[in-house]
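In what follows, a single structure is set out as structure tokens and then discussed.
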Amino acid sequence: MTSAFSRSIVQPVKDFLFPPLCLSCRERLASADRYLCAHCSRSLVRVDETDFTMAVLKDRFKGSDIISSFFPLYYFEEEGVLQHVIHALKYEEMTALGEMYGETIGAALREHPDYADIRVIVPVPLHAQKERERGYNQSAWICNGIARAMGLPVTAGVVRRRKNTRSQTKLSAALRLDNVKDAFEANAASAGTIRDAKILLVDDVITTGATIHSCALPLRSAGAAAVVCASIGIAKLNAPPTAGL
Ligand SMILES: [Zn+2]
């Protein structure tokens, strides 16, 4: 049994032996900081919904009527602070990070007109084999935070990943779409949850949008009234794309 007294002794000793470090710059954290130091935390930039990166994303799926709204929280850049955050969430079992950013997303969505009347929050699923290997789906943890902030249920298993797609990091936008084509299918047992519902679909990072778009497709085919989506990050564009859109 762990008493409050022994915890009060153990935690300072633990912090002395293993001081909590910023998961981006590895500097020692101040006692008020969680996961990131104040400097790294400040360097995360909230996405401007009217900017260039968002315009390109919306333009890519214009007219498809599959996803009605995108809400990424921060810009994601190679070797940036957010990449370290996402790495820790995906590969170091720091699932509490997902909940923490999920709560921030949920607080923003509560005020957002496009995100009213959502019935259920659904994480973009991993392939079953990958989830077994990792032990968890990082997007499900983001959903838990959003759910708490919005007072909505999370339902995993509504949609299933049937292809264990290869890594997309080196593929162009067009090849990414092809890579994840037919990668997902709706779960027939969830037909009642999906039909006529507005569904909030959640991923960790949106790069070209190909994955979340192909995950939304079977939900719309199964009768979802609308699919809106949210993520912690979106790959920041620094220059207008020229080819391979
Ligand atoms: Zn730092």
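Count of the stretch 35-60 residues, restricted to those that are in contact (Cβ under 8 Å) with a residue 24 or more places away in the chain and in a loop (DSSP other than H, G, I, E, B), is 5. Residue-level check: of (1) open to solvent by 30 Å² or more (accessible area, probe 1.4 Å); (2) closer than 27 Å to R110 by Cα; (3) not polar (S, T, N, Q), I86 misses just (1).
Within the stretch 23-71, the set of residues being at positive phi and either in contact with a strand residue (DSSP E or B) (Cβ under 7 Å, 6 or more places away or on another chain) or more than 15 Å from the ligand (Cβ to nearest atom) (or both) comprises G63, D65. Counting the residues of the stretch 62-83 that are surrounded by 14 or more Cβ atoms within 10 Å (Cβ to Cβ), more than 24 Å from Y136 (Cα to Cα) and either of a type in the set (D, E) or free of Cβ contacts under 8 Å to residues at least 12 places away in the same chain (or both) gives 1. Does T104 fit the bill of being touching a strand residue (DSSP E or B) at 6+ places or on another chain (Cβ under 9 Å), more than 11 Å from D204 (Cβ to Cβ) and polar (S, T, N, Q)? When the stated conditions are applied, T104 passes them.
Candidates S139, S167: the one that is within 22 Å of A88 (Cβ to Cβ), at pLDDT 95 or above, out of contact with any Gly (no Cβ under 6 Å at 6 or more places or on another chain) and in the same structural domain as D117 (by TED's automatic domain parsing) is S139. Selection within the stretch 103-153: residues that are of a type in the set (D, E, K, R) and touching a residue at least 60 places away in the same chain (Cβ under 8 Å). The member of this set that is least open to solvent (accessible area, probe 1.4 Å) is D114.
I'd like to know if the stretch 7-22 contains one or more residues that are within 16 Å of the ligand (Cβ to nearest atom) and either closer than 15 Å to I206 by Cβ or in the same structural domain as N137 (by TED's automatic domain parsing) (or both). No, every residue in the stretch 7-22 fails to be within 16 Å of the ligand (Cβ to nearest atom) and either closer than 15 Å to I206 by Cβ or in the same structural domain as N137 (by TED's automatic domain parsing) (or both). Just so you know, in the stretch 23-33 the residues that are surrounded by 11 or more Cβ atoms within 10 Å (Cβ to Cβ) and more than 15 Å from E79 (Cβ to Cβ) include one that is nearest to the chain's Cα centre (by Cα), and it is D33. Within the stretch 126-147, which residues are of a type in the set (D, E) and under 14 Å from the mean Cα position of the chain (by Cα)? Once the filter is applied, which keeps residues that are of a type in the set (D, E) and under 14 Å from the mean Cα position of the chain (by Cα), the stretch 126-147 yields nothing. Among the residues of the stretch 195-211, the ones that are within 15 Å of P123 (Cα to Cα) and at pLDDT 95 or above come to 9 in all.
The values are calculated or read from the model by the stated rules, or taken from the named source; none is laboratory data. Since this is a predicted model, take the numbers as computed values, not measurements. We place every Cβ from the backbone using ideal geometry, glycine too, and count neighbours over all the protein chains shown. Calculation scope for accessible area: heavy atoms of the full protein, side chains included, ligands and nucleic acids excluded. Shrake-Rupley method; radii C 1.70, N 1.55, O 1.52, S 1.80 Å.
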